[in-house]
1. What number goes with the only condition from (1) buried (at least 24 other Cβ atoms within 10 Å of the Cβ); (2) farther than 17 Å from Ile178 by Cβ that Thr105 does not pass?
2. Give me the residue from region 424-439 that is within 13 Å of the ligand (Cβ to nearest atom), in a loop (DSSP other than H, G, I, E, B) and of a type outside the set (Asp, Glu) and, out of that set, nearest to Val466 (Cα to Cα).
3. Filter region 325-349 down to the residues that are within 15 Å of Gly282 (Cβ to Cβ) and either crowded, with 18+ Cβ neighbours inside 10 Å or touching a Phe, Trp or Tyr at 6+ places or on another chain (Cβ under 6 Å) (or both) and list them by number.
4. Looking only at region 288-321, filter to residues that are of a type in the set (S, T, N, Q) and in a helix (DSSP H, G or I); which one of those is surrounded by the fewest Cβ atoms within 10 Å (Cβ to Cβ)?
5. Has region 247-260 got any residue that is crowded, with 16+ Cβ neighbours inside 10 Å, under 20 Å from Val328 (Cα atoms) and of a type in the set (Asp, Glu)?
6. Can you tell which of Thr336, Thr373, Thr323, Thr316 is out of contact with any Cys (no Cβ under 7 Å at 6 or more places or on another chain), free of Cβ contacts under 8 Å to residues at least 12 places away in the same chain and more than 16 Å from the ligand (Cβ to nearest atom)?
7. Which of the residues belonging to region 441-468 are of a type in the set (Asp, Glu), touching a His at 6+ places or on another chain (Cβ under 9 Å) and closer than 19 Å to Lys509 by Cβ?
8. So Ala140 clears everything in (1) among the aliphatic types (A, V, I, L, M); (2) closer than 14 Å to Ala60 by Cα; (3) surrounded by 24 or more Cβ atoms within 10 Å (Cβ to Cβ) except one condition, right? Which one?
Amino acid sequence: MKVPGRRRGLPALVLALTTGLAVLTTGVAAPRPAEAAVTPVPYSAVVPAPATAVPASGVAYQITSATAIHTEPGSAAAASVGAYLAGLLRPSTGFPLPVGAATSTTPTDGISLLLSGAPGGVGDQGYQLDVTAGSIVVRAARPAGLFAAVQTLRQLLPAAAESGTAQPGPWPVAGGHIVDQPRFGYRGAMLDVARHFFPVATVKRYIDEIALYKANYLHLHLSDDQGWRIAITSRPRLATYGGSTAVGGGPGGYYTQDDYREIVAYAASRYITVVPEIDMPGHTNAALASYAELTCDGVAPPLYTGTDVGFSTLCTSKETTYTFIDEVLGEIAALTPGPYLHIGGDEAQSTQPADYAAFVNRVQQIVAAHGKTVIGWHDVVNATPLPSTVAQFWGTTTRNSAVAGAAQRGTKVLMSPANRAYLDMKYNSRTTLGQNWAGYIDVKTAYGWDPGAYLSGVGASSVLGVEAPLWTETITSLPDIEYMAFPRLPALMELGWSSAASHDWTAFKQRLAAQGPRWHVMGVNYYHSTQLTWPAGS
Ligand code: TNX
């Protein structure tokens, strides 16, 4: 598969060199008069659209070499969000941006990140952001809200702020008042590390990229027919043998438990919760190949490197199967601080319906015994979902009576309709990566649906949130991941965060295109959809 070319910038290099010279000769990268006239990024450019944003015309805060970051006294979490913000901006601005405890609850200078005084409505993930000529003040009820506000603030800075090397500036932030909170509590991305394996560094980079659009869950599809990607101490061959190949026959790979802990901790530092998936009873060839006792006939199949689905199943009638699941999920639960374990459950075409239902019901009890909540692909509604079980909808229709019935009985639904939210679908017939079984998904299609009113009989109150899955049969590298995720992932995150009333393609496509220069500076290999008018520097 040909990797679409990266558009890394010569201009960025030239800028960096010039800035380097300016810093050498003057000691500080002081804004030049002509640049001081730079128009700040408007509030209307932020993705996802904030709930309310009222600009104060003609007012801006300038980040300068004198700017300090003040954080809520006594809060280590606020201090680390402050350190994260400083870490983002020091390379590009060249400013020291010291981080220290705030000495005032009504700050008049610098950038303050406070856990007091936020309006009640912002909840656990929202924030208030006030920008005047003298200060930037963020108030949130919880550290996650401070982190979300920092993502908004990043997008209000010129794209050059994302550079890893010193840039000339200036660094204005438009004045005004934002009060923001998400529509849905769960906004996720799924990465299939089973069809192709991706190293820890790639996963971390993807975490950073999705965090910019206020994603708060990363679902890792850790096992499938073609590979088992996490070391299980009690069943070592799952990783060492079951993880030894991939689609197309490559070498595969797996995460050690320390690797997985590292991903979980890194995600947590970006207020992202990892949801591990062990797909079962189907999509299990790698496990069956590793441990013959998991098959009904006791014969291990060969490893599989093709892309068919629906041919494998754990032996649902054997006790050893449930011992295996208990051990595997027990280890993964112990490594996972988040509330959810994803048990897959999709495309179990080699499992009889009655066996499937009994299997899912039993696995739900195992997950509960390990103190976790089940997420399953929506096929699990054909069993008897526990009240807490979440069904992840991946269909291509707007009617599904089984899912609607479950929702009526209280099941929460995570929305990933394949013909809207699947990042592995091609943009159009000319896209070289991806598949098209659910259709082509250009940006307008990815954006043009309401998660709270899409599935007949599943209203907004039954919707947990939105997730953008990226299956990787055809995806083999970070540039591939970026090409499929951008710009669609930010569109889907906006559907998860912003109110239904704010959905407006005409306004959105401008807001989204304004991200282009930012991705260019970040070196994100995004798809330049012809549905958008990309500004200079994209
Ligand atoms: C269907 S969607 C699958 C995956 C494939 C994907 C490819 C779902 C729950 N299962 O096994 O990777 O299509 O688009």
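1. Failing condition for Thr105: (1).
2. Ala438
3. Residues satisfying the conditions are Ile325, His342, Ile343, Gly344, Gly345, Asp346, Ala348.
4. Only one residue tops the list, namely Thr320.
5. yes
6. Among Thr336, Thr373, Thr323, Thr316, only Thr323 is out of contact with any Cys (no Cβ under 7 Å at 6 or more places or on another chain), free of Cβ contacts under 8 Å to residues at least 12 places away in the same chain and more than 16 Å from the ligand (Cβ to nearest atom).
7. Asp450
8. Result: Ala140 passes all but (2).
The values are calculated or read from the model by the stated rules, or taken from the named source; none is laboratory data. Every value quoted in this text rests on a predicted model; they were computed, and no experiment measured them. In this analysis, Cβ positions are derived from the backbone assuming ideal geometry, glycine residues included, and neighbour counts consider all displayed protein chains.
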